[in-house]
Every structure is written in structure tokens, then in C-alpha cells.
Amino acid sequence: MLGEQKVSYSGVQPSGNLTIGNYLGAIRNFKQYSEQYKTFYCVVDEHAITVRQVPAELRRRTYETLALYMACGLDPEKNTLYVQSMVHEHAELAWILNCFTMFGELSRMTQFKDKSAKHADNINAGLFTYPTLMAADILLYQTDVVPVGIDQKQHVELCRDIAERFNQIYPGTFTVPEPVIAKSGMKIMSLADPTKKMSKSDENANAVVYILDDRDTIIRKFKRAVTDSGSEVRYSPDKPGVSNLMSIYSCFTGKSFEEIEHEFEGKGYGDFKLAVGETTADALAAVQSEYNLLLADKAGLEAQMKKGAEEASYYARRTLSKVQKKLGFVQLH
Ligand code: TRP
């Protein structure tokens, strides 16, 4: 809570191109919070460097991610949109929280285990302490809710544990946040292997639909999507491919699975896949044209970054000095 207002906070990494999984599972749902909550959405460039980045690409993607937030409907007048490295309190609070986070807790994080298997030549300490930086992001703003995809739930739960531990020693420091996992679109699966999550870093380009893919590409990828035996459009655990496509179609159209089954009764997978492709392309077209406009105005985005960083810093500074005072760091006035 900040004053009387509840706070919603989330972050997206500027690494890799965002997928419809990121869109449906996270970003699209951010918008609904701005009516009821004070909202902060961050481009987490400091998290991105836990794996090696090409500087020019990281820079470009930072602009792109901010533009994408805005194109997905986040109005910068109603939401604080900013870049993590522009608010130095994140890194400072992360250090402090490292001293309240256990080695064993960090070792149990699934994402750490996955990423260290994938980047075996670069298992750096930042990859290990990634969740304490994420906890700092969240706790700096006295956050109540954290809308994230299901894969980040474990990190938010660790953040809760850290906040509770800190509050136990230094009462009344942090609001303890709750993860909020979107019901619809919470897990969009790969089009090539529907038992695996759709991931922006998948090597198989046909497995993933990116928010910025053009219409033909989107339709082609859905045409090639792996389906199951039989020919019936039905939502069922023994039809993971079809079920995944139905989830996507349902997210974009608002139709229930029953309605979708009815709509495609007597039609084959071909018709169904074409419909999913066209619907997705239509839905993303509006986001894409807005995105292109925003991205063409670099100075506008920079002005936005500056404004966002100033707004965020105001709150971040307050929490950090409260923490420093509680810890016994000398305060000069
Ligand atoms: N770790 C998140 C991810 O990879 C991104 C993130 C960083 C985040 N800080 C956050 C999400 C704070 C929610 C809240 O997707």
C-alpha cells in the first residue's frame, strides 16, 4: 500500500522478442489494474544481464519493450512505466535483501536450475541472486499484487518469505505481496510441442508466435501447428495440441471452449487452424500499428523513460531510506 492505495507491480525483461504467451499471460492483463491500483510496470534491464547480452540489442529492446507496454494499452498517465537501471534503489535494496535470503532458498528456484543447465558456461552469482533483485523491485513500491505468468509464481512466493522475515525482525517495513496468475492464457504452449511452454528463446521459430510477427507469418505458424490424432476440435487432455489452440482462440475471442467446439463441429483441423491464425493476426494488428508509431518517436520514448524514472524514484527512495534507518545505517540530514 502507498497511502490509501493498493499497488500492482510487474516487470518484463527486454531480452528476446515477446510472444503471444507473454501477451496473453501477463502484459494484456496489466491494463485492468490501473483503475483500482497504483500501478508500476518496469523494463527489467538489470535482470537481463544475468545472461550475456549484446549491448546494442539490449538498448534497442529496452525501447521496444517500453513501446510494447504502451501499445498493449498501458497509458503512461495512469501507470508508472520505467526502466529498472534508471532507479538505482533497486540494486541497493537487492544487496540488503541478499543478506536476508538463504542460500538454500535460492538453490531451490526452478528458473535458476533451468537457466544454469542452459548456460552451463556462465553460472554467475547474478543468475543465482536474480530472485532477490526481483524481490527488491516488488518491495520498493509496497506492492500488494504482482500479476505474472505461472513460471514466476515461485519467485513471488520467495519475495513474500523475504518480506515476512524482514518484517519479523523490523516490524512494519514492507507490504507482503500476493502473486496473481491470470486465469485465461496462463500457460500458452509451444506450437511444435504442446507439452512444453511457449518460450521466446525456443530454437524452433515455428513453435512460437511473436507479438510482432506479421500476418502471413502468424497464419503460416498456426497452419503448421502440431495437432493430435483424430479430426475433432475438442478440449481434452489427450488432445494437447488442439487444446492449446483452443485456449489461444478463446483468449482472443472471449468464446468458451464449448462455443468453440460447437463452432467447428463437422469441420476439420485445417479450418480451425486457419481461424485461430486469422483471429490472432487481427487482434495483434492494432497492437502492432500502435507499436510502430511509438517506436518511430525515440525522443518521445526517452521523455517517457525520464518521467517514469522520476515517478518511481520518489517511492523507491522513501522505502529504501526507511529500510536503511531500520537497519542502523547512519542517516545524514
Ligand atoms: N522475473 C520476471 C520474468 O522473467 C521479470 C521480473 C523482474 C518481474 N522483476 C519483476 C516480474 C517484478 C514481476 C515483478 O518474467
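A few comments on the model shown:
- When the alpha carbon gyration tensor of the stretch 1-69 is reduced to an equivalent ellipsoid, the three semi-axes, largest first, read 25, 14, 9 Å.
- Within the stretch 90-144, the percentage of alpha carbon pairs spaced more than 13 angstrom apart rounds to 59%.
- The chain - Rg and Dmax from Cα coordinates, angstrom: 21.0, 75
- Square roots of five times the Cα gyration tensor eigenvalues for the stretch 33-84, Å: 24, 12, 7
- Estimated [θ] at 222 nm from DSSP helical runs (n ≥ 4, -39500 (n - 2.57)) normalised by residues in the chain, nearest 500: -16000 deg cm²/dmol
- Among the trypsin sites (Lys or Arg not before Pro) within the stretch 32-101, those in coil by DSSP and having at most 14 neighbouring Cβ atoms inside 10 Å are Arg52, Lys78.
- Too-long pairs where the Cα-Cα distance tops 24 Å, listed order kept, from Lys239/Lys273; Lys118/Lys153; Lys38/Lys307; Lys78/Lys298; Lys118/Lys221; Lys6/Lys307: Lys118/Lys221
- Equivalent-ellipsoid semi-axes for the stretch 23-177 (Cα gyration tensor, √(5λ), whole Å, largest first): 24, 22, 14.
- Selection from Asn244, Phe257, Ala283 lying farthest towards where the dipole of the stretch 205-292 points positive, charges on Cβ: Asn244
- Taking packing as the residue-averaged number of other Cβ atoms within 10 angstrom, the listed peptides 276-284, 84-92, 102-110 run from highest to lowest as 276-284, 84-92, 102-110.
- Across the stretch 205-292, counting alpha-carbon atoms alone, Rg and Dmax equal 12.9, 41 Å.
- Size-normalised alpha-carbon gyration radius of the stretch 149-286, reference 2.2 N^0.38 Å: 1.33
We did not get these values from a lab; they are worked out from the coordinates using the rules stated. Just so you know, these numbers come straight off a predicted model, no measurement behind them. Positions of Cβ are backbone-derived with ideal geometry, glycine not excepted, and every protein chain shown enters the neighbour counts.
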